[in-house]
Amino acid sequence: MMPYPIFLLIALAIVLVPLLSASLWFIIFSLILPGFKDVTKGILRMDGEPLWKRDIALGASQLFFYMSVMLTVPASAILELFFIIPFILVMGAANPVAQTFSVISAGPIEEIMKWTSAATVYFLIYLSFGRTGKMPDRIRVGIAAGLFSGACFGLVESVGYLTSGTSDLINHGISIRTLDPLIWRMVLGVSVHAMYTGIAAGGLGRFGWGNKFRTTLILLVSSIVLHSLNNGVQGLIVLIMGMDDLFGLILTDSVQMLLALAGFILLSLLWRGILLPSGRVSGGRKRASISISVG
Amino acid sequence: MRGKTGTGLVLLVVSSILLLISGAILLSGVLHSQQVVFTERDLVPSNSPSTFEKSFDVKLFSTLTYTISDREERIHFKLEIEGPDGEVVHKKRGSGEETGSVQLRGSGRYTLILEFDEADASPDDVDLEIRLSGPVLLGTCCVSGLLGVVYITALLAGMTYLLVGYLEERRRYVR
């Protein structure tokens, strides 16, 4: 048996590694998304605003973290449980079809909850700017709110998965099967959640009726599809191709990495205004002008 | 110090650090309690036929959790846990996969006895995992809970400072 101090060190690492991963990924986001730093500085009032406003904004971001976690984690866990129970009752907990459906169901449930959280954060940021005209590009603020809410969820989820993964590693020894989920969680666990919600929340800046609503819905569905495919790929490879071996694991990882790459490209296109035109808010309400041309 | 909003921000940062430490301490206890103490490989033959056993030491406030599985569902077994005085504190008969937990009443040397109905069965035919959660989990829960109280106090104080600072600045701005 290992002595307790080793477990304390492992637990500290489990708590700190997702934070470190999130920090590194936000540096990567600032590199692949041009102007990301400026948008973040604008939201956090770090662009020449009085010091007290910055304190309030930084404090609020920390409270938004708690709000995001409270909104997404318990609600997702309860809803997923409700979805899984019928499958388990009918097929049994060990049935691979039931297991695959249960992980796929996490996609829509978690994405809708994270989108709700991102929408709340976006709305509060929108309210905080009021009619000052200083709010950065709306679509980019939406994506930033999504990245933030998704990362909050990813942080908490990663801590949970790293705990169970480490327990497996301690009890069953080092092998590709025990190391693979740990490495995946450490490297991509937080970032893919942030990316999915960033894509889904990209439509928040254009939220409205008609075509605008359709845009928001398409982006939300895109993130759900990416998330569900990422979750279900391992189960589908086992069910359809019968590959429950090392090659199946490598194939799963490869497909998941390709899906993540596709997601990052989609996010980058959204950020650059290639998929959606920029949504910069103007200062104050403008008068509508009507021009009549007589031919 | 940058006024009330600055104090509020510092308190919120301190509360976050406390949350991390408190969470890490709680996790360390959970991880320690999930550690497998022994498996089927540690069982030794007993005096009776088709019976295997393992003795282990227990401290106060311990809960034993066992998972025993035979994927082929061929073997029928009886699992018993004997206390330090020889009294049976838990008995379970089953096949396939069985999971359970037993609250152990006191400290001392306990014995786990696994008896197979099939004469040709051995511990190699089943997967057995025994976990013990005891004083370490209890201690980490207490320390984590105490830190949690300090964390909530710092969080509420930080929020109050931020709110008061915000209202003061707004009043100054309106003037």
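The values are calculated or read from the model by the stated rules, or taken from the named source; none is laboratory data. It should be emphasised that the depicted structure is a prediction, and the values quoted were computed from it without experimental measurement. Every residue, glycine among them, receives a Cβ derived from its backbone with ideal geometry; neighbour counts consider all protein chains shown. Keep in mind that these areas ignore ligands, DNA and RNA; they rest on the heavy atoms of the full protein, side chains included. Shrake-Rupley method; radii C 1.70, N 1.55, O 1.52, S 1.80 Å.
Remarks
- Only residues that are free of Cβ contacts under 8 Å to residues at least 40 places away in the same chain and either facing another protein chain (nearest Cβ under 9 Å) or part of a helix (DSSP H, G or I) (or both) were counted in segment A:160-174, giving 9.
- Being surrounded by fewer than 15 Cβ atoms within 10 Å (Cβ to Cβ) and out of contact with any Phe, Trp or Tyr (no Cβ under 7 Å at 6 or more places or on another chain) is a property that B:Ile21 lacks.
- Taking the criterion of being surrounded by 18 or more Cβ atoms within 10 Å (Cβ to Cβ), in contact with a helix residue (DSSP H, G or I) (Cβ under 8 Å, 6 or more places away or on another chain) and over 24 Å from A:Trp115 (Cβ atoms), the residues of segment A:48-86 that qualify are A:Trp52, A:Asp55, A:Ile56, A:Leu58, A:Gly59.
- Single residue of segment A:87-124 satisfying the filter (surrounded by 18 or more Cβ atoms within 10 Å (Cβ to Cβ) and of a type in the set (Ser, Thr, Tyr)) that is farthest from the chain's Cα centre (by Cα): A:Thr100
- Of note, A:Leu33 does not satisfy the criterion of being exposed (fewer than 14 other Cβ atoms within 10 Å of the Cβ) and either within 30 Å of B:Ala154 (Cβ to Cβ) or at pLDDT 90 or above (or both).
- Here B:Gly3 does not qualify as within 30 Å of A:Ile10 (Cβ to Cβ), out of contact with any strand residue (DSSP E or B) (no Cβ under 6 Å at 6 or more places or on another chain), facing chain A (nearest Cβ under 9 Å) and touching a residue at least 24 places away in the same chain (Cβ under 8 Å).
- Flag for B:Ser62 being more than 25 Å from the chain's Cα centre (by Cα), at pLDDT below 90 and not β-branched (Val, Ile, Thr): no
- Of all residues in segment A:1-58 being of a type in the set (S, T, N, Q) and away from chain B (no Cβ under 14 Å), the one that is nearest to A:His172 (Cα to Cα): A:Ser21
- With respect to the conditions (1) assigned to a helix (DSSP H, G or I); (2) open to solvent by less than 10 Å² (accessible area, probe 1.4 Å), A:Met135 falls short on a single one, namely (1).
- Residues of segment B:97-128 satisfying the condition of being acidic (Asp, Glu) and surrounded by fewer than 18 Cβ atoms within 10 Å (Cβ to Cβ): B:Glu97, B:Glu98, B:Asp117, B:Glu118, B:Asp120, B:Asp124, B:Asp125, B:Asp127
- Of the residues examined, A:Thr178 is one that is in contact with a His (Cβ under 7 Å, 6 or more places away or on another chain), within 14 Å of chain B (Cβ to nearest Cβ), of a type in the set (S, T, N, Q) and under 30 Å from A:Leu246 (Cα atoms).
- Members of segment B:53-78 found to be open to solvent by less than 70 Å² (accessible area, probe 1.4 Å) and within 24 Å of B:His32 (Cβ to Cβ), listed by number: B:Lys54, B:Ser55, B:Phe56, B:Val58, B:Ser62, B:Thr63, B:Leu64, B:Thr65, B:Tyr66, B:Thr67, B:Ile68, B:Ser69
- Every residue from segment B:6-25 that is polar (S, T, N, Q) and within 7 Å of chain A (Cβ to nearest Cβ): B:Ser16
- Comparison of B:Val143, B:Val102 shows that the only residue that is at pLDDT 90 or above and more than 14 Å from chain A (Cβ to nearest Cβ) is B:Val102.
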